[in-house]
Amino acid sequence: MDERIKVYDEKMTKTFNNLLSEFATIRAGRANPSILNKIRVDYYGTPTPLQQIGNITVPEPRILQIQPWEASMVKAIEKAILTSDIGINPSNDGRIIRLVFPELTEERRKDLVKEVKKKGEAGKVAIRNIRRDANDYLKKLGKTEVSEDEISDLEDAIQKMTDKYIKDIDKATEEKSKEILTV
């Protein structure tokens, strides 16, 4: 790959990976520890990722279990989960916190699929914006030391890159939608 457009491929890759991590936080009816990735717990005055404060396990398909390394952190973890936007009430026995994921209703599944499609669309817009930036860069390059044929070849390469990522986003969106709709 040409060094001049490599940076745009890296940007598109980051955009795609970011979209995949956003998809991972959308729950599909079964317990997935990645739904807790964005939760920060007040650990002695410092917002700390939940994964660094305790052990997260999936003992059953619809239950997440959080066992803090310090028993005194149970209340802080519970508070962080309650103030987050995951919409699940934690229950604790003083040592372990359990999150029970309810079965998703048909309506909620459809809402989640809409959210996935919206995120997928936003990802495609971001990819197209990167393509636009790359093409602007190539136009500036064309005014200086590069031939029109070379610019045309680079534009084709950028378009192929864009098409590949758009196709990947469509595929990932479709897979996540199927996962959500599967009962």
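At a glance:
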{"item": "In the range 26-122, the chymotrypsin sites (Phe, Trp or Tyr not before Pro) that fall in loop regions by DSSP, at most 14 other Cβ within 10 Å", "result": "Tyr44, Trp69"}
{"item": "Nearest 10 degrees, 0 to 90: helix 74-83 Cα axis against the chain principal axis", "result": "50 degrees"}
{"item": "Net charge of Cβ neighbours under 15 Å - reference Lys171; Lys, Arg +1; Asp, Glu -1", "result": "0"}
{"item": "Extended-chain gain in nm, criterion 0.36 nm per residue less alpha-carbon gap, Asn92 and Lys75", "result": "5.2 nm"}
{"item": "Surface share of carbon and sulfur [accessible, 1.4 angstrom probe, percent] for the range 59-132", "result": "50 percent"}
{"item": "Potential extension, Lys114-Ile63 segment - 0.36 nm per residue separation minus Cα distance", "result": "15.9 nm"}
{"item": "Heavy-atom accessible area order for Phe16, Phe101, largest first, 1.4 Å probe", "result": "Phe16, Phe101"}
{"item": "Accessible heavy-atom area order of Arg131, Arg40, Arg95, highest first, probe of 1.4 Å", "result": "Arg95, Arg40, Arg131"}
{"item": "Label-point separation in nm, Ser34 to Asp2, each point 7 Å along Cα→Cβ", "result": "3.4 nm"}
{"item": "With Cα atoms, 0 to 90° folded angle of helix 3-24 axis to the chain main axis", "result": "30 degrees"}
{"item": "Loop-exposed GluC sites (Glu not before Pro) per DSSP, neighbour cap 15 Cβ within 10 angstrom, longest uninterrupted part of the chain", "result": "1-69"}
{"item": "Positive-end residue, the range 29-166 charge dipole about Cα centroid, Cβ charges, pick of Pro49, Leu138, Gly120", "result": "Pro49"}
{"item": "Mean ellipticity per residue at 222 nm, deg cm²/dmol - from DSSP H runs of n ≥ 4 across the chain, formula -39500 (n - 2.57)", "result": "-20000 deg cm²/dmol"}
{"item": "Surface accessible to a 1.4 Å probe, Asp153 within the full protein complex, Å²", "result": "100 Å²"}
{"item": "Inter-site label distance for Asn55 and Val146 at 7 Å from Cα along Cβ, in nm", "result": "5.4 nm"}
{"item": "Between the range 39-78 and the range 132-167, the alpha-carbon center distance in angstrom", "result": "47 Å"}
{"item": "Placed amide H near Val41: partners under 5 Å, 5+ positions off or other chain", "result": "Thr48, Leu50"}
{"item": "Given charges at beta-carbon only (K, R positive; D, E negative), |dipole| of the range 36-171 in Debye", "result": "480 debye"}
{"item": "Note, ³J(HN,Hα) from phi for the range 116-133, Karplus 6.51, -1.76, 1.60, rounded to Hz, x at Gly and Pro", "result": "4, 5, 5, 5, x, 5, 4, x, 5, 4, 4, 4, 5, 5, 5, 4, 4, 4"}
{"item": "On Cα atoms only, tilt of 148-181 relative to the major axis of the chain in degrees", "result": "20 degrees"}
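The values are calculated or read from the model by the stated rules, or taken from the named source; none is laboratory data. Because the structure is a prediction, the values reported are computed rather than measured. Ideal geometry is used to build each Cβ from the backbone, glycine not excepted, and the neighbour counts take in all protein chains shown. All accessible areas refer to the heavy atoms of the entire protein, side chains included, with ligands and DNA or RNA removed. Shrake-Rupley method; radii C 1.70, N 1.55, O 1.52, S 1.80 Å.
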